[in-house]
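Worksheet for the structure shown next.
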Amino acid sequence: MHQPLSLKYRPKTLSGLVGQEPIQIALTNAVTSTKIAPAYLFTGPRGTGKTSTARILAKSLNCLNSKTPTASPCHQCASCKAIDASNSLDVSEIDAASHNGVEDARELIERSNFAPAMSQYRIFVLDECHQLSSSAQNALLKCLEEPPSHVVFILCTTEAHKVLPTINSRCQTFNFKALSIEAIVEQLERVAKQEAIAITDEATLAIARHSDGGLRDALQLLSQLSLMGEEITPNHVVEVSGGIRSDDLAAIVQAICAGD
């Protein structure tokens with residue numbers, strides 16, 4: 001089965017995070033020094049690595065081939081493989097958009113009381129946590145502040161302003177930035193080379209500009225374009241992505257390449 005490039009090239013270690021150096025350094029130091037916070041809040045635009053970082057952190061904390069948390073999980077033990085396959089008993093990814101009520105929050109609190117099945121920590125990743133109702137967020141406050149010693153919460157959101165200040169204050173917050181066009185171009189060129197995808201420099205730049213700072217979106221678009229079976233040009237980018245007329249895009253690319 002064809003694997004989308006955004007999944008194939010998802011970072012697997014903290015050192016592999018792209019464009020988020022301060023976060024990479026801080027979390028690496030936290031893991032290696034075993035200074036693990038009970039709750040984290042990852043904020044930032046879509047496609048910037050929040051959920052990927054949550055999974056990496058989960059593997060770093062629960063890798064069975066290391067007696068202590070490690071910044072270099074093995075990816076081979078039962079725990080690492082289960083996290084990668086999204087079927088870990090000790091790491092739960094919860095879509096807050098569809099589990100946003102106070103009863104969902106109470107169920108989560110009850111689940112947090114159970115000890116890990118095979119790992120050191122029980123980890124709960126709440127994706128798009130701003131979708132939780134105010135009542136649900138309030139119900140989580142006590143658990144976020146004083147969770148069981150074996151529990152780590154990782155809250156992810158694209159809309160930090162919708163998260164209650166009382167939730168924010170109980171979490172260690174990391175703000176993920178939109179990636180620069182240059183950083184995205186560099187990654188697209190690397191992936192295109194490894195995948196033997198023929199693409200012009202102008203098309204690579206067009207994809208990077210279209211992605212709004214999100215590497216995931218850029219890789220998804222490259223993955224789709226690669227199925228066309230010919231060298232990818234700016235015209236192809238316009239045809240697939242829409243939104244900008246070919247002549248306008250060509251003028252923009254020409255101006256950028258000329259340094260205007």
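Nothing in this text is a laboratory measurement; each read-out follows from the coordinates by a stated rule. Since we're looking at a predicted model, the values are computed, not measured. Glycine also receives a Cβ, built like all others from the backbone with ideal geometry; neighbour counts cover every protein chain displayed.
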ask   = Looking at the range 120-209, which GluC sites (Glu not before Pro) are in a loop (DSSP not H, G, I, E or B) and have at most 12 other Cβ atoms within 10 Å?
value = Glu159
Local electrostatic count at Leu140 - Lys and Arg +1, Asp and Glu -1, tallied over other residues with Cβ under 14 Å = -2
note = Listing Thr28, Thr166 by rising number of other beta-carbon atoms within 10 angstrom, fewest first, gives Thr166, Thr28
task = Report, in degrees rounded to the nearest 10, the 0 to 90 angle that the Cα long axis of helix 102-112 makes with the longest principal axis of the chain.
result = 70 degrees
request  = Using a/c under 1.5 as the rounded threshold, could you call the range 1-132 rounded, prolate or oblate? The axes a ≥ b ≥ c are square roots of the C-alpha gyration tensor eigenvalues, and prolate needs a/b larger than b/c, oblate otherwise.
outcome  = rounded
remark   = Note on the chain: alpha-carbon gyration tensor, axes a ≥ b ≥ c; rule is a/c under 1.5 for rounded, else prolate if a/b larger than b/c, else oblate; result prolate
message = Give the residue list of trypsin sites (Lys or Arg not before Pro) in the range 1-106 that are DSSP loop and have at most 14 other beta-carbon atoms within 10 angstrom.
response = Lys35, Lys67
remark   = Any residue on another chain or 5+ positions along whose placed amide H is under 5 Å from the amide H of Leu126 is listed here as Ile94, Ile154, Leu155, Cys156
inquiry  = Rounded to whole Å, give me the distance from the Cα center of the range 63-106 to that of the range 20-34.
reply    = 19 Å
query = From the square roots a ≥ b ≥ c of the eigenvalues of the alpha-carbon gyration tensor of the range 129-236, which class results: rounded (a/c under 1.5), prolate (a/b over b/c), or oblate?
reply = prolate
query = Taking K and R as +1 and D and E as -1, what net charge do the other residues with C-beta under 13 Å from the C-beta of Ile94 add up to?
reply = -4
